[in-house]
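Data first, discussion second: the structure below is written as C-alpha cells.
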Amino acid sequence: MSGFDLTLFDCDGVLVDSEIIAAKVESKLLTEAGYPISVEEMGERFAGMTWKNILLSIEKEVDIPLSASLIDKSEQLLDQRLAREVKAIEGVQYALSRITGPRCICSNSSSQRLDMMLSKVGLKEFFAPHIYSAKDLGADRVKPKPDIFLHGAAQFGVSPGKCIVVEDSVHGVHAAREAGMRVVGFTGASHTYPSHADKLTDAGAETVIARMQDLPGVIAAMAEWEGVF
C-alpha cells in the first residue's frame, strides 16, 4: 500500500511527455504574433497553464493584442501533433504497477485530449474511469486553483490531508498545496529546465524526482513521516 488514501497524478509532463510538444506549438504561434519566446522559456514560465490563461498573462505583460483565433488554432495544431507524437513518460508503467490503492488523474487538459493521449500510450486502463479535467468544472477553476484536486479527492470521499499529488509544474504544485495535499515534484519530462527542481520545491513540493521509477519508493518513504509544509 502507498500509505496514502489517494494518489493524484497530473497528466501532461507527468504521465505523458506532452508539455514539450505544447511548448513548440505555442512558442511558434506567439513568435509569429509578435511576442518572440523560445520553447525553453515556454516550458519554464507557462507549463501547467491553459493556453487561454497564457494568452491573458502575456496580454497583461505587453501591449500586444493576441487574437482570439489563436486559441482555436493552437488547440487544433496541438491535437494533431499529440495524436502523432505523444509518448508515455519513461518508467511510468513500472511506477503505476507498484503504487497500490486508489488513484486518479487531475489535469487542466480537456477530457477529449486526456482520453486520446492516455489511450494512445496505453495508460488509460490504469485510471479509468477516474480521469478528471478541470475544464469540466469551469473555465475559471483550472490550476493554479485547487478545485480539480479537491474534486478528485471528493470522488473517493478522501480527506485532502490523506492525499499525495505528483506534479511537474509550479502552478500545479501551488494548486495541490492550496488544496491541503502533499506533493512530489517531477522533472523527468522533456520540457524540464535547470532550475525546475528548485522552483517546484519553492512552490511547496516536499521532494522532487527526475525518474518515474523512483516514485513508488518515495511515496512509501513519505508515508512514514509527517510533512513539515
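The values are calculated or read from the model by the stated rules, or taken from the named source; none is laboratory data. Treat the numbers as computed from the prediction; the structure is a model and nothing was measured. Here the Cβ positions follow ideal geometry from the backbone for every residue, glycine too, while neighbour counts run over all protein chains shown. With ligands, DNA and RNA removed, areas are computed over all heavy atoms of the protein, side chains included. Shrake-Rupley method; radii C 1.70, N 1.55, O 1.52, S 1.80 Å.
Would you confirm whether or not the range 69-91 contains a residue that is open to solvent by less than 20 Å² (accessible area, probe 1.4 Å), within 18 Å of the chain's Cα centre (by Cα) and over 21 Å from V142 (Cβ atoms)?
Yes, the conditions are met somewhere in the range 69-91.
Looking only at helices (runs of 4 or more DSSP H) that fall completely inside the range 122-229, which ones have 2 or more residues that are under 15 Å from C104 (Cα atoms), touching a Pro at 6+ places or on another chain (Cβ under 7 Å) and at pLDDT 95 or above? Let's see the steps before the verdict.
Details: elements: 147-156, 170-178, 196-203, 215-222.
Qualifying helices (runs of 4 or more DSSP H): 147-156.
Of the residues A134, A139, which single one is open to solvent by 10 Å² or more (accessible area, probe 1.4 Å) and over 25 Å from E90 (Cβ atoms)? If you could, list the steps in order and put the result at the bottom.
Numbers: A134 fails: open to solvent by 10 Å² or more (accessible area, probe 1.4 Å).
None of the others qualify; the one that does is A139.
Mind counting the residues in the range 59-83 that are touching a residue at least 24 places away in the same chain (Cβ under 8 Å) and part of a loop (DSSP other than H, G, I, E, B)? Write out each step before concluding.
From the range 59-83, those touching a residue at least 24 places away in the same chain (Cβ under 8 Å) are 62, 64, 66-67, 70, 73-75, 77-79, 81-83; that's our starting set.
After this cut, where a residue has to be part of a loop (DSSP other than H, G, I, E, B) as well, the list is 62, 64, 66-67.
Adding up the residues that qualify gives 4.
When residues of the range 34-58 are filtered for being assigned to a loop (DSSP other than H, G, I, E, B) and either closer than 18 Å to A175 by Cβ or open to solvent by 40 Å² or more (accessible area, probe 1.4 Å) (or both), how many remain?
We begin by selecting, within the range 34-58, every residue assigned to a loop (DSSP other than H, G, I, E, B); these are 34-38, 47-50.
Within this subset, residues satisfying the condition of being either closer than 18 Å to A175 by Cβ or open to solvent by 40 Å² or more (accessible area, probe 1.4 Å) (or both) are 34, 36, 38, 47-50.
Summing the residues that are assigned to a loop (DSSP other than H, G, I, E, B) and either closer than 18 Å to A175 by Cβ or open to solvent by 40 Å² or more (accessible area, probe 1.4 Å) (or both) in the range 34-58 gives 7.
For the range 3-26, which positions are surrounded by 19 or more Cβ atoms within 10 Å (Cβ to Cβ) and over 21 Å from S110 (Cβ atoms)?
Correct list: F4, L6, T7.
Kindly provide the set of residues from the range 93-122 that are farther than 18 Å from D79 by Cα and touching a residue at least 40 places away in the same chain (Cβ under 8 Å), ordered by number.
From the range 93-122, those farther than 18 Å from D79 by Cα are 93-106; that's our starting set.
Y94, A95, R98, I99, T100, G101, P102, R103, C104, I105, C106 - these are the residues of the range 93-122 that are farther than 18 Å from D79 by Cα and touching a residue at least 40 places away in the same chain (Cβ under 8 Å).
Can you find a residue in the range 164-172 that is open to solvent by 20 Å² or more (accessible area, probe 1.4 Å), farther than 20 Å from E224 by Cα and in contact with a helix residue (DSSP H, G or I) (Cβ under 9 Å, 6 or more places away or on another chain)?
To start, the set of residues in the range 164-172 that are open to solvent by 20 Å² or more (accessible area, probe 1.4 Å) comprises 170-171.
So of that shortlist, the ones also farther than 20 Å from E224 by Cα come out as 170-171.
Now restrict to residues that are in contact with a helix residue (DSSP H, G or I) (Cβ under 9 Å, 6 or more places away or on another chain): 170-171.
The answer is yes; a qualifying residue exists.
Restricting to the range 51-63, what's the tally of residues that are β-branched (V, I, T) and more than 16 Å from E26 (Cα to Cα)?
Going through the range 51-63, the residues β-branched (V, I, T) turn out to be 54, 58, 62.
Filter once more, keeping what is more than 16 Å from E26 (Cα to Cα): 62.
Residues flagged as β-branched (V, I, T) and more than 16 Å from E26 (Cα to Cα) within the range 51-63 amount to 1.
Are there any pairs, at least 6 apart or on different chains, whose C-beta atoms fall under 7 Å, with the first in the range 187-205 and under 20 Å from L15 (Cα atoms) and the second at pLDDT below 95 and among the small types (G, A, S), and if so, which?
So the pair list comes out as H191/A23; H191/G43; H191/A47; Y193/G43.
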